[in-house]
Amino acid sequence: MAKHPTPLLDQLETGPWPSFVSDIKQEAEHRSKNPKGIDFQAPQDCPADLLGVLELSFKEKETHWKHGGIVGVFGYGGGVIGRYCDKPEEFPGVAHFHTVRINQPAGKYYHTDYLRGVCDIWELRGSGLTNMHGSTGDLVLLGTVTPQLEEIFYDMTHKLNTDLGGSGGNLRTPADCLGQSRCEFACYDTQDLCHTLTNDYQDELHRPAFPYKFKFKFDGCPNSCVAALARSDFSVVGTWKDDIQIDQAKVKAYVGGEFKPNAGAHAGRDWGKFDIVKEVIERCPTKCMSFDGALKIDNANCTRCMHCINVMPRALRVGKEKGASILLGAKAPILDGAQLSSLLVPFVPVEKPYTEIKEVIENIWDWWMEEGKNRERVGETMKRLSFQKLLEVTNIKPVAQHVKEPRSNPYIFFREDEVLGGWTRDINEFRKRHAR
Amino acid sequence: MAFISSGYNPEKPMEGRITDIGPRSFEDFYPPVIKRNKGKWDYHEILEPGILVHVAENGEKCFTVRCGAARLMSVSLIREACDIADKHCGGHLRWTTRNNIEFMVENEAAMKSLVADLKDRKFAGGSNKFPIGGTGAAISNMIHTQGWVHCHTPAMDASGPVKAVMDEVFDYFQSMKLPAPIRLALACCLNMCGAVHASDIGIVGIHRKPPIVDNEVLDNVCEIPLAVAACPTGAIKPTKTDFDGKKINSVSVNEDRCMYCGNCYTMCPALPLADYQGDGCVIMVGGKVSNRISMPKLAKVVVAYIPNEPPRWPTLTKAIKHIIEVYSKNAKKYERVGEWAERIGWEKFFELTGLEFTHHLIDDFRDPAYYTWRQSTQFKF
Amino acid sequence: MEAEKKIIMDFLEGKKGKTKFYFNDLCKALPDMKQRDVKKILTALVNDGKLEFWSSGSTTLYGMVGAGKQHSTEEGE
């Protein structure tokens, strides 16, 4: 028998998509039966009360959570989000319901030994409910009480060799696509770069001293599966500099219908016979390709959009001189509207120990920590103080690739040292040439 | 309950403390076939919706079965996923950026027995635990935020509407018949944890009423300078007000400047925002992050307000499905929703979808607004 | 280091009616020091148990341990 009747939530148990309501109910029942006789350190009926308070929100169409700021583990400024229910008497199991962010492994690969370890700790010390994963990338443990926070941290670090993720005005938990581990398009080792920078910048991740949040995301190629240039302040996107590698025999195999185009991605509808001219040559955004039995690419005019490679992955490969582009400044809409990241470094080789990339990062941080206003993302600092300033502090030479088009107003701010003779002028000298 | 210590000593927090160790290394978790062939993959194919094979240069294969999952997940369900991974995959599994679970095996026979195992697993209520799909020209899993499950500023729930929408479009999750992939996302307020602003179709919760000032307790529970500083539009000012015949310190809200973001409520619990009549969501359309064919673009608001209709948000789910169907019928192969709308023109998008164009859809917020108006006589009647 | 710690603590104690501060605000107490070095002082004060973090989830502030109106309400519920 359920602790709280949930007639509205029950309607989310049917239908084909996995029902979170059924899942929470199964956890509630499991905790109530407690077959392993666990001495739960957080309220046993956490999941049941969560369903109860959620049902109330479904009925009233208003949330019942309050924020609380002073919870965390000693010495860290992030990784824990304080949460309290505004109906603690009715739902005591979730009166305190803090979130713990666990730094996920790069690529979100797991072994069951590790995951079972997380589950055991979280069943004992928390609600038994998680987010796999949070929006930034962390493995999120959803709901525990204040006295358990240090215990969870101690268990995570000692038993599972795992640290917390970020929250607040710090480096947020970095995330990456699966990259070279299982993808032929990836132009660098996203996992290694993500893991290395996460470890190199632990102090920035745990002890907030930035004006606001700062996110790293790593995409292996311009297909951008991890959405780096929309979701991160510092977006690293794999790319290449030389020619797309073509296997003409395999191009012919696609044209002849031997290979499935698009790796089979459009197999669910009859789009007709594969037509290389219509589907590849004419869809190329720069029109730099031609086909006369053999495929030709004018690589100097290619913008590496990936379309032709996506359509014929067995015939075409990214170039051999691989690396990444770095873009800066994506953010959600508040306040002046959403921003995507803007190109800062057109090409950087991505090689251990990543000194060149770290230099860009640290120059940006030094500048933003000095100049950024409270609660200002670096994308806003860039806008306020100019892209030129960003180039100056990162020692990057302006190139035409930085812009989609040059400015259309002539309100150019020159530095005094750029102007012959400087700005200090003698009025008497002027008057010799011009009457008053 | 007897307190079970982890070994942590609250008297001496630094004793035996381990900090700054970061996440576990991915090297600990790679399946062997991944470890052996990292950086040496030759090509991949989608065998059927949700099932991929990656072939290495040496001919070795990695079969991946992708399963949709709710991102809110119990330890019981994670353990079940672990059981499956132990039985079929040598204990290895991974999650995708979009909350899917991927199980990997090394040969076709193992893949088939894995698929057979996954297909039969259902929750007590009847829904699938591990539905297979989400590859290619399909609708993949929807990324979303916390909603009424855990957040203090949501204008809508997240898990509930996501379940309702995914039920409605489930056919597109398990097939690959769309012109191009559609990425769906939901953010339960305009702070937008997650990349809703660059999704093909995004749902964003919005409040429409300024916070209520709880004068009686405000000065006791908040630091007024923090509440004032929290407001991105400068709508909150410190003030003295009469309460119960006494002059007390409080704040006033300039209602015309308020954008209902809830940042003040985060800093000050005496400024509650949620309202059952005011809250609801907008639908945004046409964003993309991939650089494929066209450059990444932000999504645009095409429906300015839909009220909250728990438990299944019928108006919202119907509108989403309708947009998907009109797109699917009219777009060319490879065209993402935003590319299609731009090719035909947004005026045609509204004509074809039958969505009403209202004054709320014209940008009037600061500088970017002008660039969205039409400085041309080129348009379609 | 001890001299700088005292400057920070004096700065905090001198502020009436405000108990939580952005990192940037605290840097004003040590205007000649680089941000990264100010952070080291603050970290030391946190480890000494004198300062603590307050997080809104999206931003973080520093305050003296136990100070502030929200502290009692949060922990008391």
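Some observations on this one:
- Of everything in region B:250-267 that is polar (S, T, N, Q) and surrounded by 15 or more Cβ atoms within 10 Å (Cβ to Cβ), the residue that is nearest to the other protein chains (Cβ to nearest Cβ) is B:T266.
- Residue in region B:133-143 that is at pLDDT 95 or above, at the interface with another protein chain (Cβ under 8 Å from one of its Cβ atoms) and part of a helix (DSSP H, G or I) present: no
- Every condition in (1) surrounded by 14 or more Cβ atoms within 10 Å (Cβ to Cβ); (2) charged (D, E, K, R); (3) farther than 26 Å from B:S294 by Cβ is met by B:E356 except one, and the failing one is (1).
- Matching residues, region A:407-436, being open to solvent by 90 Å² or more (accessible area, probe 1.4 Å) and either among the charged types (D, E, K, R) or in the same structural domain as A:T381 (by TED's automatic domain parsing) (or both): A:R407, A:R415, A:D417, A:E418, A:R425, A:K432, A:R433, A:R436
- One residue stands out among those in region B:1-33 that are of a type in the set (F, W, Y) and in a loop (DSSP other than H, G, I, E, B): the one that is nearest to B:T64 (Cα to Cα), which is B:Y30.
- Residue ranges of helices (runs of 4 or more DSSP H) in region A:352-436 with at least 3 members of a type in the set (A, V, I, L, M): A:355-371, A:378-385, A:387-393
- One residue alone among A:N103, A:N170 is crowded, with 24+ Cβ neighbours inside 10 Å, within 14 Å of chain C (Cβ to nearest Cβ) and touching a residue at least 60 places away in the same chain (Cβ under 8 Å), and that residue is A:N170.
- Residue among B:A187, B:A270, B:A230 that is open to solvent by less than 40 Å² (accessible area, probe 1.4 Å) and in contact with an Asp or Glu (Cβ under 9 Å, 6 or more places away or on another chain): B:A270
- Some residue of region B:339-346 being open to solvent by less than 30 Å² (accessible area, probe 1.4 Å), under 26 Å from A:C225 (Cβ atoms) and more than 14 Å from every other protein chain (Cβ to nearest Cβ): yes
- A:R283 meets each of the listed conditions (1) part of a loop (DSSP other than H, G, I, E, B); (2) without any contact (Cβ under 8 Å) to a residue 24 or more places away in the chain; (3) within 12 Å of chain B (Cβ to nearest Cβ) apart from (2).
- Note on region B:26-40: residues that are surrounded by fewer than 16 Cβ atoms within 10 Å (Cβ to Cβ) and at the interface with chain A (Cβ under 7 Å from one of its Cβ atoms) total 2.
- Restricting the first member to region A:352-369 and to residues that are under 16 Å from A:L171 (Cβ atoms) and in contact (Cβ under 8 Å) with a residue 40 or more places away in the chain, and the second to residues that are β-branched (V, I, T) and assigned to a helix (DSSP H, G or I), the beta-carbon pairs closer than 8 Å and six or more apart or on different chains are A:Y354/A:T196; A:I364/A:V378; A:I364/A:V393; A:W368/A:V378; A:W368/A:T381.
- Residue within region A:254-263 that is free of Cβ contacts under 8 Å to residues at least 40 places away in the same chain, facing chain B (nearest Cβ under 9 Å) and closer than 22 Å to B:Y334 by Cβ present: yes
- Of everything listed in (1) under 30 Å from C:D25 (Cβ atoms); (2) in contact with a strand residue (DSSP E or B) (Cβ under 7 Å, 6 or more places away or on another chain); (3) not assigned by TED's automatic domain parsing to the domain that holds A:F234, the single unmet condition for A:V145 is (1).
- Contact map, region A:1-27: residues that are facing another protein chain (nearest Cβ under 7 Å) and at positive phi paired with residues that are outside any loop (DSSP other than H, G, I, E, B) and surrounded by fewer than 23 Cβ atoms within 10 Å (Cβ to Cβ), Cβ distance under 8 Å, separation 6+ or inter-chain. Pairs shown: A:G15/B:D167; A:G15/B:F170.
- Annotation: A:V73 fulfils all but one of (1) more than 19 Å from B:G147 (Cβ to Cβ); (2) in contact with a strand residue (DSSP E or B) (Cβ under 8 Å, 6 or more places away or on another chain); (3) without any contact (Cβ under 8 Å) to a residue 24 or more places away in the chain; (4) more than 8 Å from every other protein chain (Cβ to nearest Cβ); the unmet one is (3).
- Test result for B:V149, surrounded by fewer than 24 Cβ atoms within 10 Å (Cβ to Cβ), within 29 Å of B:F123 (Cα to Cα) and touching a helix residue (DSSP H, G or I) at 6+ places or on another chain (Cβ under 9 Å): no
- For first residues located in region B:113-125 and under 12 Å from A:Q26 (Cα atoms), partners that are open to solvent by less than 60 Å² (accessible area, probe 1.4 Å) and of a type in the set (A, V, I, L, M, F, W, C) and lie 6+ apart or on another chain with Cβ distances below 8 Å form the pairs B:G125/A:V21.
- Filtered by the rule that a residue be open to solvent by 10 Å² or more (accessible area, probe 1.4 Å) and in a helix (DSSP H, G or I), region C:1-22 gives C:E2, C:A3, C:E4, C:K5, C:K6, C:I7, C:M9, C:D10, C:F11, C:E13.
The values are calculated or read from the model by the stated rules, or taken from the named source; none is laboratory data. The model shown is predicted, which means the values in this text are computed figures rather than measured ones. Cβ: placed from backbone, ideal geometry, glycine included. Neighbour counts: every protein chain shown. Heads up: the accessible areas ignore ligands, DNA and RNA and are worked out on the full protein's heavy atoms, side chains in. Shrake-Rupley method; radii C 1.70, N 1.55, O 1.52, S 1.80 Å.
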